[in-house]
Amino acid sequence: AGGGRKKKSRSLATRVFEHPNIAVEWNVTVDRFEGNTDGLRRAICRRGTKDGGSGQGAAADAELTVRASAAFVSIGHEPNTGLFRGQLALAAGGYLDMSEAGRSTRTSVAGVFAAGDLADRQYRQAITSAGSGAQAALDAERYLSEQGWTD
């Protein structure tokens with residue numbers, strides 16, 4: 001069922017890479033956008049480290065200025081779950097392991113609920129994050145109620 005979608009994605013990527021007015025910058029972190037009431041003028045970025053890191057360390061390249069009238073920023077595909085290592089169970093790919101939760105947002109620790117990109121390896125999109133955030137809030141409310149917590 002997903003084959004057509006992959007083909008369309010490759011076709012769109014090819015069009016983006018071949019478009020004369022689009023520049024793709026890999027492994028950069030946007031520090032800020034600059035412009036005025038007439039619109040965007042440039043993006044001020046940092047290149048990542050040679051090992052693909054965030055560019056926060058000493059090996060980071062100098063500031064990069066990219067002229068732009070529009071920008072699309074992809075946040076990547078690796079969930080930012082580092083702060084949970086050793087505290088919550090992680091699944092393949094670094095996502096929070098919710099395999100025992102069914103359709104709930106429960107994690108491996110009672111009373112801890114997950115939402116969005118940390119828990120959803122399939123969709124990872126902002127609207128999914130917002131929807132699962134509401135779901136996690138409802139699960140947390142139910143959990144607190146079951147523990148005897150009241151208003």
| said: At a 10 angstrom cut-off on C-beta neighbours, averaged per residue, how do the peptides 95-105, 81-91 rank from highest to lowest? | reply: 95-105, 81-91
| remark: Phi angles of region 28-40, converted by Karplus (6.51 cos²θ - 1.76 cosθ + 1.60, θ = phi - 60°) into ³J(HN,Hα) in whole Hz with x for Gly and Pro, give 10, 10, 7, 7, 6, 10, 10, x, 8, 5, 7, x, 5
| Rounded accessible area of Val24 (nearest 10 Å², 1.4 Å probe) | 60
| Placed amide H near Arg41: partners under 5 Å, 5+ positions off or other chain | Glu34, Gly35, Asn36
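The values are calculated or read from the model by the stated rules, or taken from the named source; none is laboratory data. Worth saying up front: this structure is predicted, and the values here are computed from it rather than measured. Reconstructed Cβ throughout: ideal geometry from the backbone, glycine too, with neighbour counts over all protein chains shown. Keep in mind that these areas ignore ligands, DNA and RNA; they rest on the heavy atoms of the full protein, side chains included. Shrake-Rupley method; radii C 1.70, N 1.55, O 1.52, S 1.80 Å.
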